[in-house]
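The next block holds one structure in the form of structure tokens; read it before the comments.
The values are calculated or read from the model by the stated rules, or taken from the named source; none is laboratory data. In this text the structure is predicted, and so the values were computed from the model without any measurement. FYI the Cβ positions are ideal-geometry reconstructions off the backbone, even for glycines, and counts take in every protein chain you see. Ligands, DNA and RNA are stripped out before the accessible areas are found, and what is left, the full protein with its side chains, is counted by its heavy atoms. Shrake-Rupley method; radii C 1.70, N 1.55, O 1.52, S 1.80 Å.
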Amino acid sequence: EPWRRAQVRFLADRLRMLLRQNGWAVLPSSGPIVPVHVGDPALAMAKSSALRSLGFHVPAIRPPTVPEGTSRLRISVTASHTEGQIEALVTALGAFG
């Protein structure tokens, strides 16, 4: 189903654009996984936990999985997500900068 690939690509690109417009450091990627640099592992965990409390599953990736100082949030986009959900996630991230 080629439309699914196109939808994932569209949504992931939209997410990257919105995150960058809102000052988030989006790490290079081109697929459905959008990594957002946080840096501090405790801060990454706090953001992940806060997002989970709002209904978003966005895991924090920390050392030793990634190098020290590069902790990040790992956002996975699927074809079943909506533009509204993408926008709500960006808004939720902005709520606790």
Check off (1) in contact with a strand residue (DSSP E or B) (Cβ under 9 Å, 6 or more places away or on another chain); (2) loosely packed, with under 13 Cβ neighbours inside 10 Å for Leu89 and give me the number that stays unchecked.
(2)
In the stretch 16-69, residue farthest from Ala88 (Cα to Cα) [restricted to those that are hydroxyl-bearing (Ser, Thr, Tyr) and surrounded by fewer than 17 Cβ atoms within 10 Å (Cβ to Cβ)]:
Thr65
Wholly within the chain, helices (runs of 4 or more DSSP H) carrying at least 2 residues that are among the β-branched types (Val, Ile, Thr):
83-95
Determine whether Ser76 is open to solvent by less than 40 Å² (accessible area, probe 1.4 Å), in contact with a Pro (Cβ under 7 Å, 6 or more places away or on another chain) and not basic (Lys, Arg).
no
